[in-house]
Amino acid sequence: GLAGVPTSDQPQKAKEYKSDQEVRWCPGCGDYVVLNAVQSFLPTLGLKRENIVFVSGIGCSSRFPYYMNTYGMHSIHGRAPAIATGLAVARPDLSVWVVTGDGDALSIGGNHLIHTLRRNVNLKILLFNNRIYGLTKGQYSPTSEAGKVTKSTPLGSLDHPFNPVSLALGAEATFVGRAIDSDRVGLTEVLRQAAEHRGSALVEIYQNCPIFNDGAFDVLKDADEASRRIIDVVDGQPITFGNGEFAVVREGFGLAVAKTSEVAPEEVVVHDASDLNLAFALSRLSTQDLRHTVTGVFRKTSRPTYDDGAREQVEQAKAAQKADLAALLRGKDT
Ligand code: SF4
Ligand code: MG
């Protein structure tokens, strides 16, 4: 259903983006952090309320549009990218956001997601990854780690999981980022850059589900183990982490993590967000146990968007007066 009918104004404060709906996520759910971060940074974009749309699929995170005092649609399972594509093509004046989860985006809607990304439709896609099906009470998802014991995998999952960032880069998405709910500053920065990007922007957000997969990302907060700290991928900067104690270096066609004291400064990789191969290698630093996981903006590059191209062709067809609907219906050539 439609999530309310907002009036025309230009909200200046986070609270103006809060709807009158009671938020029904479980206490402690990581979704609250993302909702608050989005409501806080949206006013900085200077958009009119009626020009913002949040389209979701099905799942816990897909309740998001209800809680935003913008236009929105809680749509069908896995199909938010398709609905949002239609909107982006028909209404270039809108800022269109997709909110989806690991099951919705990568299982039920896997096909829609990859084609949206390769087409470079002007959409911002927030992929809440809690590595579990939360709404249906705890089955393994396409991002659950191999061997994961859940209600639907009592002897452990046999599936090898997707790495959503690698998948999006494989589809040659023009903007790919990753953030974690426990790092509000980093999350807001990635969201801001995604919002400013023209084309498809995919942001994977590691999101804790305290009910069915609690602590899935705790290893990233473990300050005692420097090698497990998150690296922030900032364009043009040498990639180091753990107070510079560790650095990312090239190893064959991939990347490796080395002690900064054991490598020469020139061996430390400098991030270039337009380099697809580097972005992919960085995404592979995140192994199943999340050691060396990277957050930040992996890729940011520009390519013509699908929606601009589609509108241009409509104009061309109109100008050439080829689209004579009555003639088509009569089954004749124009
Ligand atoms: Fe959040 Fe998990 Fe509850 Fe869903 S089941 S609202 S993901 S805590
Ligand atoms: Mg999930």
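The values are calculated or read from the model by the stated rules, or taken from the named source; none is laboratory data. Since we're looking at a predicted model, the values are computed, not measured. Here the Cβ positions follow ideal geometry from the backbone for every residue, glycine too, while neighbour counts run over all protein chains shown. These area figures cover heavy atoms from the full protein model, side chains too; ligands, DNA and RNA do not enter into them. Shrake-Rupley method; radii C 1.70, N 1.55, O 1.52, S 1.80 Å.
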Handout entry: Max mean-square fluctuation residue, GNM over the chain, Cα-Cα springs under 10 Å, options Gly177, Gly242, Gly57
Key = Gly242
Problem - Average projected area [Cα convex hull, region 124-179], square nanometres - result: 4.4
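Write down the accessible area per residue of the chain in Å², having rolled a 1.4 Å probe over the full set of protein chains.
Accessible surface, normalised per residue, equals 47 Å².
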Problem - Computed over region 21-138: relative contact order in percent, which uses C-alpha pairs under 8 Å that are six or more apart - result: 24
Problem - Which of Asp102, Asp183, Asp272 is most accessible, then next, and so on - probe 1.4 Å - result: Asp272, Asp183, Asp102
Practice task
Can you tell me the relative contact order of region 113-261? Whole percent, Cα pairs under 8 Å, sequence separation 6 or more.
Solution key: 21
Exercise for the section: Choose one of Pro11, Val96, Pro65: the residue whose Cα lies farthest towards the positive end of the charge dipole of region 1-130 (beta-carbon charges +1 Lys, Arg; -1 Asp, Glu; about the Cα centre). Expected result: Val96
Handout entry: Test item: Cα-centred dipole of region 42-175, Lys/Arg +1 and Asp/Glu -1 on Cβ, debye
Key = 220
Practice task
Would you mind counting up the charge near Gly309? Only other residues with Cβ under 12 Å from its Cβ, with Lys and Arg at +1 and Asp and Glu at -1.
Solution key: -1
Exercise for the section: Distance check, please: which entries in Lys48/Lys124; Lys18/Lys221; Lys13/Lys124; Lys48/Lys318; Lys137/Lys300; Lys148/Lys221 exceed 27 angstrom between their Cα atoms? Expected result: Lys18/Lys221; Lys48/Lys318; Lys137/Lys300
Handout entry: Residue of Gly46, Gly199, Gly138 that the Gaussian network model of the chain assigns the largest fluctuation, springs spanning Cα pairs under 10 Å
Key = Gly46
Handout entry: Net charge over other residues, Cβ less than 12 angstrom from the Cβ of Leu45 (K, R count +1; D, E count -1)
Key = +3
Exercise for the section: Using a cut-off of 12 Å between beta-carbons, work out the net charge of the residues near Val33 (Lys and Arg +1, Asp and Glu -1, Val33 not included). Expected result: -2
Completion exercise
Packing-ranked peptide list from 78-86, 47-55, highest mean Cβ count within 10 angstrom first, is 78-86, 47-55
Practice task
Measure off, as a whole percent, the carbon and sulfur share of the 1.4 Å-probe accessible area of the chain, all protein chains present.
Solution key: 52
Exercise for the section: Note down the relative contact order for the chain as a percent, whole number, built from C-alpha pairs under 8 angstrom at least six residues apart. Expected result: 14
Handout entry: Three-way shape label, the chain, alpha-carbon gyration tensor, a/c 1.5
Key = prolate
Exercise for the section: Using just the helices of the chain, give the 222 nm mean residue ellipticity in deg cm²/dmol: DSSP H runs with n ≥ 4 each add -39,500 (n - 2.57), and the total is spread over all residues, rounded to 500. Expected result: -7000 deg cm²/dmol
Practice task
Quick one: which residues, 5 or more positions from Phe298 or on another chain, have an amide H under 5 Å from its amide H? H modelled 1.01 Å from N in the peptide plane, none for Pro or chain starts.
Solution key: Val176, Gly177, Arg178
Fill in the blank from the handout: Among Phe253, Pro210, Ala317, the residue whose Cα sits farthest towards the positive end of the charge dipole of the chain (+1 at Cβ of Lys and Arg, -1 at Cβ of Asp and Glu, taken about the Cα centre) is Ala317
